[in-house]
Amino acid sequence: NFIPKIKDHIFSHLLGLEYDGDEREFTDVERNDVHFINNLNRVFQPKRFQINYTTYDVRRDQDMLKPGNGSTVMMLSRESSASAHPFWYARVLGAFCINVLHVGPNACNHSPQYMEVLWVRWFGVVPQYRWGFQEGRLPKIGFVPDSPAAFGFLDPSLVIRACHLIPAFADHRTNDLLRQGPSTARLPGEVDDWASFYVNM
């Protein structure tokens, strides 16, 4: 499902649809309006990418990340409920620089367009876990179990900055979140996942 999903993400961006966390699914006919120039033969996959952010003392700084090596990023949550966690977290599996062409009746720009896309594995907040300064505990998250929602694509401009995760050693490792064995979604040499992580603050 990699190609249909990345086309859905790019098509949403080309149509100017606001990202709300749920990738919209388009029909095959609509996806055909997105053309990869050179049929993905010249997609650039950078070994590293930079995130510009503002520090707490209002200075400019950068995070240098390496996709596929445990790099984790955070973005503002798109959830609106009062109890929603303020941020979303994702492990970056790959970064792509793609030249696309938007054709068809909905196209606003018929020229080749350069797009940057992150391929990510999503984390979710551990349910019923209380955190914060009053509780004296760090936020706790874990990988979303294997499902269509476990992986997705993200516009790098939505990323706030990188974040540091600490494995929750007491929760041990598990293969319930993803089939056991080597995977692009895991670090080299790993065959299972930590059940949960603390977000270092």
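If the viscosity is 0.890 mPa s and the temperature 25 °C, what translational diffusion coefficient in µm²/s does Stokes-Einstein give for the chain when Rh comes from Kirkwood over Cα pairs?
For these conditions, the coefficient is 133 µm²/s.
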Give the range of the longest stretch in the chain that excludes all trypsin sites (Lys or Arg not before Pro) found in loop regions by DSSP and having at most 11 other beta-carbon atoms within 10 Å. 60-129
For the range 45-99, I need the span (max minus min coordinate) of the C-alpha atoms along each principal axis, in Å, sorted largest to smallest. 38, 27, 25
How long is the gain from L17 to R42 if the chain were fully straight, where each residue apart is worth 0.36 nm and the alpha carbon distance is subtracted? 6.3 nm
Taking alpha-carbon centroids only, the range 164-201 lies from the range 34-107 a number of Å equal to 21 Å
Give me the Å³ per residue figure for the convex hull around the C-alpha atoms of the range 77-166. 151 Å³
As a footprinting exposure proxy, order Y114, Y53, Y198, Y89 by other Cβ within 10 Å, with the fewest listed first. Y114, Y53, Y198, Y89
Which residue fluctuates most in the GNM of the chain (Cα springs below 10 Å): C97, C163, C108? C108
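Taken together, the values in this text are just the output of simple stated rules run on the coordinates, not laboratory data. Predicted model, so just to flag it, every value in this text is computed and none were measured. Please note: Cβ atoms are built from the backbone with ideal geometry, for glycine as well, and neighbour counts cover all protein chains shown.
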